[in-house]
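Asks: Handing you a structure now.
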Amino acid sequence: MAHEQIEAPDNTAVRTALWRALHLHVDPPPHVVEDEIGLQLVAPGDDWRDRPDMDPQATSGFRAAIVARARFIENLIAEQADRGVTQYVVLGAGLDTFAQREPELASRLQIFEVDQPGTQAWKRHRLVELGYDIPDWLHLVPVDFETGASWSEQLSMAGFDPGRPAVIVSTGVTMYLTKETTAATLRQIAGLAPGSTLAMTFLLPTELVDEADRPGLRASEEGARASGTPFISFYTPQEMLALAREAGFKDARHVPGAALAERYFAERTDGLRPSSGESLLLATT
Ligand SMILES: C[S@@+](CC[C@H](N)C(=O)[O-])C[C@H]1O[C@@H](n2cnc3c(N)ncnc32)[C@H](O)[C@@H]1O
């Protein structure tokens, strides 16, 4: 490892990890998720909260959307694990720290984190540096989705059993991928064993975003472009549902940001609410 060149992690993965930590620093309890391990992995300088994208007000809708989707996914995993599902695939895992934060539940599963090779090598290196062991139930599978390679083959090589159901999650990824790549991903997931569940987030076109959330979306869009990872794909809910049905899913539902707001933020008195700019596709095979 000492001589291996470790690249910097994907900047979008860093940003979402910092937003999860910022939630603990600037929003009063109760916290929607508690995740500071991502911040420990990134180990930014003391001035990380001065980054323009960490402005507590300007980007609050996105910070809330990031913690809302994390909570939704973690509830889904717990529910599916209780139903007997034992495989969990995280497509574009970035600095997801579920495995480190919830080892009791996580170790009942085989977890497959799929991400770009450079970001994943960096994360592995940092986990080890921080003393987190990579247990045998946590599989890090390096894949670049845009090369057209089949990630499901890579998964099988890493020990994934395509004959058994799985939960497949992809949060904060489709906006960086071409629509062809996401359609191909949906087809691969729809071909997994019956009883599998997909949860995938996507960004709405501006005209479908609540007026109040548009400045936040624009700020995020500008930040993403400035850091070299522009948002390239937006979907209407109808378009995403049609893609899922064409891919062959048995059932596909749209979960809007407002549903997550209702579920996890209704009792809050601090005004924190997820942006309506991000939606979820929930589909089953
Ligand atoms: C915004 S981060 C989301 C990370 C995590 N899912 C979350 O919700 O915090 C987007 C992730 O997608 C990954 N990603 C983007 N393009 C990719 C590609 N072509 N192949 C594999 N992973 C990709 C990035 O490396 C990054 O980890």
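Asks: Give the residues of region 69-87 that are basic (Lys, Arg) and within 18 Å of residue 278 (Cβ to Cβ), sorted by residue number.
Replies: 69, 71, listed by residue number.
Asks: In addition: Answer with yes or no whether residue 228 is surrounded by 15 or more Cβ atoms within 10 Å (Cβ to Cβ) and under 25 Å from residue 114 (Cβ atoms).
Replies: No; evaluated as a whole, the condition is false for this residue.
Asks: Could I ask something else about it? Hey, can you tell me all the residues within region 89-110 that are more than 20 Å from residue 36 (Cβ to Cβ), in a strand (DSSP E or B) and within 13 Å of the ligand (Cβ to nearest atom)? It would help to see each step written out before you state the result.
Replies: Residues of region 89-110 that are more than 20 Å from residue 36 (Cβ to Cβ), as a first pass: 89, 91-92, 107-110.
Pick out the ones that are also in a strand (DSSP E or B) and you get 89, 91, 110.
Across region 89-110, the qualifying residues are 89, 91.
Asks: Only residues that are of a type in the set (Val, Ile, Thr), in contact (Cβ under 8 Å) with a residue 24 or more places away in the chain and under 30 Å from residue 25 (Cβ atoms): list them for region 247-285, please.
Replies: Passing the criteria: only 255.
Asks: Scanning region 116-149 for residues that are among the small types (Gly, Ala, Ser) and surrounded by fewer than 13 Cβ atoms within 10 Å (Cβ to Cβ), which turns out farthest from the ligand (Cβ to nearest atom)?
Replies: Going through the qualifying residues, I end up with 131.
Asks: Among the residues of region 45-88, write down those that are polar (S, T, N, Q) and in a helix (DSSP H, G or I).
Replies: Quick first cut of region 45-88, residues polar (S, T, N, Q) only: 57, 59-60, 75, 80, 86-87.
Selection gives 60, 75, 80.
Asks: Within the bounds of region 239-246, is there any residue that is within 16 Å of the ligand (Cβ to nearest atom), within 17 Å of residue 172 (Cβ to Cβ) and either in contact (Cβ under 8 Å) with a residue 40 or more places away in the chain or not aliphatic (A, V, I, L, M) (or both)? Talk me through it step by step, then tell me what you get.
Replies: Residues of region 239-246 within 16 Å of the ligand (Cβ to nearest atom): none.
No, there is no match, as no residue in region 239-246 is within 16 Å of the ligand (Cβ to nearest atom), within 17 Å of residue 172 (Cβ to Cβ) and either in contact (Cβ under 8 Å) with a residue 40 or more places away in the chain or not aliphatic (A, V, I, L, M) (or both).
Asks: Another question about this same structure. Name every residue in region 6-39 that is over 26 Å from residue 212 (Cβ atoms) and surrounded by fewer than 18 Cβ atoms within 10 Å (Cβ to Cβ), in order of residue number.
Replies: Passing the criteria: 6, 7, 8, 11, 34, 36.
Asks: Looking at this structure, is residue 14 within 16 Å of the ligand (Cβ to nearest atom), modelled with pLDDT of 95 or more and more than 13 Å from the chain's Cα centre (by Cα)?
Replies: When the stated conditions are applied, residue 14 does not pass them.
Asks: Another one. Would you check which residues across region 129-187 are assigned to a strand (DSSP E or B) and closer than 25 Å to residue 62 by Cα and list them?
Replies: Once the filter is applied, which keeps residues that are assigned to a strand (DSSP E or B) and closer than 25 Å to residue 62 by Cα, region 129-187 yields 167, 168, 169, 170.
Asks: Which condition breaks for residue 111 when tested against (1) farther than 17 Å from residue 169 by Cα; (2) out of contact with any Pro (no Cβ under 7 Å at 6 or more places or on another chain)?
Replies: Condition not satisfied by residue 111: (1).
Asks: Determine whether region 47-68 contains at least one residue that is over 22 Å from residue 277 (Cβ atoms) and surrounded by 21 or more Cβ atoms within 10 Å (Cβ to Cβ).
Replies: Within region 47-68 (the criterion being over 22 Å from residue 277 (Cβ atoms) and surrounded by 21 or more Cβ atoms within 10 Å (Cβ to Cβ)), the answer is no, since none of the residues qualifies.
Asks: I'm checking my understanding of the structure. Among residues of region 177-193 that are within 13 Å of the ligand (Cβ to nearest atom) and crowded, with 20+ Cβ neighbours inside 10 Å, which one is farthest from residue 149 (Cα to Cα)?
Replies: 182
Asks: Read through the list (1) away from the ligand (no atom under 16 Å from the Cβ); (2) touching a residue at least 40 places away in the same chain (Cβ under 8 Å); (3) among the hydrophobic types (A, V, I, L, M, F, W, C), then give the number of the only condition that residue 78 fails.
Replies: Only one criterion is unmet by residue 78, namely (2).
Asks: Could you please find all residues in region 111-123 being in contact with a Phe, Trp or Tyr (Cβ under 6 Å, 6 or more places away or on another chain) and either in a loop (DSSP other than H, G, I, E, B) or closer than 20 Å to residue 67 by Cβ (or both)?
Replies: If the condition is that a residue be in contact with a Phe, Trp or Tyr (Cβ under 6 Å, 6 or more places away or on another chain) and either in a loop (DSSP other than H, G, I, E, B) or closer than 20 Å to residue 67 by Cβ (or both), then no residue fits.
Asks: Check residue 155 against each of (1) surrounded by fewer than 17 Cβ atoms within 10 Å (Cβ to Cβ); (2) more than 9 Å from the ligand (Cβ to nearest atom) and name the one condition it does not meet.
Replies: If we test residue 155 against (1) surrounded by fewer than 17 Cβ atoms within 10 Å (Cβ to Cβ); (2) more than 9 Å from the ligand (Cβ to nearest atom), just (1) comes out false.
Asks: Which residues, counting only those in region 74-115, are surrounded by fewer than 18 Cβ atoms within 10 Å (Cβ to Cβ) and among the β-branched types (Val, Ile, Thr)?
Replies: 86
Asks: Under 16 Å from the mean Cα position of the chain (by Cα), closer than 28 Å to residue 197 by Cβ and among the polar types (S, T, N, Q): is that true of residue 86 in this structure? Give the steps one after another, and end with the answer.
Replies: Details: under 16 Å from the mean Cα position of the chain (by Cα): no; closer than 28 Å to residue 197 by Cβ: yes; among the polar types (S, T, N, Q): yes.
Taking the combined requirement at face value, the residue does not satisfy it.
The values are calculated or read from the model by the stated rules, or taken from the named source; none is laboratory data. Quantities reported herein were computed from a predicted structural model and do not represent experimental measurements. When we count neighbours, we look across all protein chains shown, and the Cβ atoms used for this are built from the backbone with ideal geometry, even at glycine.
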